[in-house]
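Rule-based calculations on the coordinates, nothing more; no lab input. Quick caveat, the model's predicted, so the values are computed rather than measured. Glycine also receives a Cβ, built like all others from the backbone with ideal geometry; neighbour counts cover every protein chain displayed.
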Amino acid sequence: MKINNMKIKFKEILLLPNLISSFRLLLFVPFLFLFNNYSTIENVRTFILILIFIAFVSDLLDGFVARKTNTISELGKIIDPLADKILVALIVINLYLLNEIPAFFFWIVLIRDLLIFIGGIVISQKIGKVLPSNLLGKLTVFSIGLFIIITLFQINHSELFYKLILILSCSFCAASFVGYIIRAIEMIKWNSNENITKINN
């Protein structure tokens, strides 16, 4: 499949790192089941924490495998962050509906991910490539996950530790969004200059 000069080969789904990312994406199903039965399943928080740990390990593993086996692909650059965003959105939305997290944190995470998702589509159409996740983006997801974990552990909201993690996570969300915009602008400029060079040659 070719989208605006961006070649996506669906057979790349069979690459090991992409299978790992797809597995993480499929964790949406058990997460949804647990949240839909939040009040009836005994030790539901423990099960959610276990799934978060599995998702975290798979997130580390797919990138490691892709680099070590030289199987980084355009499809992988889509599935990896997509899996992160879908799982984070699912968890944050449900915890918000359960009044477990502050409303402002919910909106910060949701709006950031939505804008980056829309921006990613626009950028890929302009430059014919997917803007991959970077370290700042991964740290942001980690900080959000850390806040979700302490929420599930029912840390008192008045505790300094709780407040620090909340501030840290919000700060990472803001920083990664600004960083994404800067990277996008630089990539578009670089792509434009490269096209001009090709035309001149």
Cβ-derived FRET efficiency at R0 22 Å, residue 135 paired with residue 114, nearest 0.05 = 0.50
Heads up, segment 62-201 by the C-alpha gyration tensor (a ≥ b ≥ c square roots of eigenvalues; a/c under 1.5 rounded, else a/b over b/c prolate, else oblate) looks prolate
Using 1/(1 + (r/R0)^6) with R0 = 22 angstrom and r between the beta carbons of residue 154 and residue 93, what's the FRET efficiency to the nearest 0.05?
-> 0.70
Given 36-43, 150-157, 13-20, the highest-first ranking by average Cβ count within 10 Å works out to 13-20, 150-157, 36-43
Taking R0 as 45 Å, what's the FRET efficiency between residue 167 and residue 11 from their Cβ-Cβ distance, rounded to 0.05?
-> 0.50
Just subtract the alpha-carbon distance of residue 32 and residue 50 from 0.36 nm times their residue separation and send over the number in nm, one decimal.
-> 5.1 nm
Between the alpha carbon centres of segment 110-179 and segment 58-88 the gap in Å comes to 17
Pair residue 68, residue 142: separation of 7 Å Cα→Cβ label points (nm) = 1.8
Pick out which of 185, 144, 93 has the largest mean-square fluctuation in a Gaussian network model of the chain, springs linking Cα atoms closer than 10 Å.
-> 185
Inter-label distance, nm, simple model (7 Å from Cα along the C-beta direction), residue 175/residue 125 | 3.2
Relative contact order (%) - criterion: Cα under 8 Å, at least six apart; region: the chain | 25
State to the nearest 20 debye the size of the charge dipole of the chain about its Cα centre, where the only charges are +1 on K and R beta carbons and -1 on D and E beta carbons.
-> 760
Picking from 97, 65, 114, whose Cα lies most toward the positive end of the charge dipole for the chain (charges on Cβ: Lys, Arg +1; Asp, Glu -1)?
-> 65
